[in-house]
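The values are calculated or read from the model by the stated rules, or taken from the named source; none is laboratory data. Bear in mind that the values here come from a model prediction, so they are computed numbers and not experimental data. Cβ sites come from the backbone with ideal geometry, for glycine too, and all protein chains shown count toward neighbours. Quick note on the areas: whole protein, heavy atoms, side chains included, nothing else; ligands and nucleic acids left out. Shrake-Rupley method; radii C 1.70, N 1.55, O 1.52, S 1.80 Å.
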Amino acid sequence: MALSMLPSLYLRNRFATVHVEALTVLYFAGGLLAWPFIIPAIRLVARNASAEARFAACFVLLASGTIAMTAFLFAMEYWLFYAQWHQPLLSRMGLKQLIGTVASGVYQFAVMGLGLYLPIGLPVLAGVSLWLAKAMR
């Protein structure tokens, strides 16, 4: 996922950001940490399904799982930055601030980060989904 993000970031702004390394690590970690959760979910959902259904399950679960994990990591980084101005975490206000900050981080990732998966990520997703669907026979 990190390798699919880099060309998109280059096409968007020619790497005119000081956060290229952090974004690369974020997208790499999102894909890496999602994988152990996605594979058992695919096996559970598409165990005895047809090849087309296995491909669809792989495609949907790989896409949604990777996006969800990367958005979660982005939101946690977002929250860690803003936590210095928040109330203690276990207080009522601290929990509200945590929920609001994480929701804002996920929204910001959805608006600004999802586009970085394209155009390279979609063909890679299709290829990996096809490979996994064939391997699950």
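Here are a few things to note about the model shown:
- Protection proxy ranking, peptides 60-70, 40-50, 105-115, 84-94, average beta carbon neighbours within 10 Å, highest first: 60-70, 105-115, 40-50, 84-94
- DSSP-assigned coil residues among chymotrypsin sites (Phe, Trp or Tyr not before Pro) in region 13-60, each with at most 15 further Cβ atoms within 10 Å: PHE15
- Per residue, the accessible area of the chain comes to 63 Å², computed with a 1.4 Å probe over protein heavy atoms only.
- Summed residue charge, Cβ within 14 Å of ALA53's Cβ, Lys/Arg positive, Asp/Glu negative: +4
- Computed Rg/Rh of region 28-108, alpha carbon atoms with Kirkwood Rh: 1.17
- Kirkwood-based Rg to Rh ratio, the chain, C-alpha trace: 1.06
- Net charge contributed by nearby residues that have their C-beta within less than 10 Å of LEU132 (K/R +1, D/E -1): +3
- The chain: angle of helix 20-46 to the longest principal axis, Cα-based, in degrees nearest 10: 50
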